[in-house]
1. Quick check, is L162 among the aliphatic types (A, V, I, L, M), open to solvent by 90 Å² or more (accessible area, probe 1.4 Å), out of contact with any Lys or Arg (no Cβ under 8 Å at 6 or more places or on another chain) and farther than 29 Å from P11 by Cα?
2. Considering each residue of the stretch 285-311, count those that are farther than 21 Å from I54 by Cβ and outside any strand (DSSP E or B), and give that number.
3. Check the stretch 175-183 and report whether any residue there is among the hydroxyl-bearing types (S, T, Y) and surrounded by fewer than 16 Cβ atoms within 10 Å (Cβ to Cβ).
4. If a residue has to be open to solvent by less than 40 Å² (accessible area, probe 1.4 Å) and under 28 Å from the mean Cα position of the chain (by Cα) to count, how many in the stretch 311-330 make the cut?
5. For the list (1) modelled with pLDDT of 95 or more; (2) crowded, with 18+ Cβ neighbours inside 10 Å; (3) charged (D, E, K, R), I need the number of the one condition that D170 fails.
6. Taking interchain pairs and intrachain pairs at least six residues apart, which have beta carbon atoms under 8 angstrom, with the first residue in the stretch 61-85 and outside any strand (DSSP E or B) and at pLDDT below 60 and the second buried (at least 20 other Cβ atoms within 10 Å of the Cβ) and of a type in the set (F, W, Y)?
7. Quickly run through the stretch 258-272 and pick out the residues that are open to solvent by 10 Å² or more (accessible area, probe 1.4 Å) and part of a helix (DSSP H, G or I).
8. Of the residues that make up the stretch 45-52, is at least one modelled with pLDDT under 85, assigned to a loop (DSSP other than H, G, I, E, B), open to solvent by 10 Å² or more (accessible area, probe 1.4 Å) and of a type in the set (K, R)?
Amino acid sequence: MSLTAGIVGLPNVGKSTLFNAITKAGVEAANYPFATIDPNVGVVEVPDRRLQAISSVIPPQKIIPTTFEFTDIAGIVKGASKGEGLGNKFLSNIREVDAICHVVRCFDDENITHVDGRVDPIEDIETINLELILADLESIDKRITRVEKLARLKDKEAVMELNILTRLKDALEHNQMANSVEFNKEEEPIVRGLFLLTRKPMLYVANIGEEDVANPTDNPYLSQVQALAESQGAQVVPVCASLEEEIAVLDDEEKALFLEEYDMEESGLDKLIQAAYSLLGLGTYFTAGEKEVRAWTFKKGMKAPQAAGVIHTDFERGFIRAETVSFDDLMASGSMAKAKENGLYRSEGKEYVVQDGDIMLFRFNV
């Protein structure tokens, strides 16, 4: 599934360093604003320990994880919604992503210039969010101008849309994100069609210093970000971008030793990838056999035929049934044969809603 999370933030907060670590792509991370002019897209593997566990029960020739896309978008500055810096270009790039990972600087370093001359994560967040709000407000105002004419003619759809636009405008003018406004099922398709920046799912990436990795909760900047995120119902992932960039080039054995040295169970990037994946409501199902054990991304709530279509459109078009066992049931049984013997291997039809961790074999005919 081609869903992507955009990495945004003020200049010099560590976005490009983080992106380097995510993709091992060596994106320029110069110490000045606008070092990254064109958005960079990187594909990363989604870490999932279940792959190895399934492979221990069903030994394959190869293991294939599922993937996820991140887009590195250059720094936004105050006035971006009015074209300041390289604002309009980057706001349009944000509009194209499905979720936003907002990187916030939570470390002190006199050698790395802050665009405003001081470290204040809350003000940084407010700067970015305000630019997104202003861009949405401009979009809403233009739409209202077009819809009002039809609404005066008592066009039913136009009247509904104008009501939606008016409620959104009121929220945005009070510096509230569009996602703070609730809509019913009938209104939701109209809202989605507006492609508003502040309706996108968002999580905060707190870029902490290396000295805070062992005990990130001791970082006062992180505590501020967590309190703000909690008020918004958002998630915070603490990451030391410079350290993660070092980890990214290590092999598995070296990485394990590195994490042990810093008393980390998993890297911050692994946590970020999993958080971004979850933010978009994505889940993973598996296919398993002698040739390969493979992870597949699906949108939670998908029924079996649509999930089968993730592999190939023919699977969805000719869907007959899905033979399924949950990850937990397979592990508890110890083998596929035992799972079948225990009645845990099921045959599911077209209405089955696929669950995260399902191990599936699709039967189809085209």
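1. So L162 fails the test.
2. 4
3. Yes, some residue in the stretch 175-183 is among the hydroxyl-bearing types (S, T, Y) and surrounded by fewer than 16 Cβ atoms within 10 Å (Cβ to Cβ).
4. 4
5. (2) is the only condition that D170 fails.
6. Sorted first by the residue in the stretch 61-85, then by its partner, the pairs are A80/F90.
7. If the condition is that a residue be open to solvent by 10 Å² or more (accessible area, probe 1.4 Å) and part of a helix (DSSP H, G or I), then F258, L259, E260, E261, L269, D270, K271 are the ones that fit.
8. no
The values are calculated or read from the model by the stated rules, or taken from the named source; none is laboratory data. None of these values were measured; they are calculated from a predicted model. In this analysis, Cβ positions are derived from the backbone assuming ideal geometry, glycine residues included, and neighbour counts consider all displayed protein chains. For the accessible areas, the whole protein counts, side chains as well, though only heavy atoms, and no ligand, DNA or RNA atoms are used. Shrake-Rupley method; radii C 1.70, N 1.55, O 1.52, S 1.80 Å.
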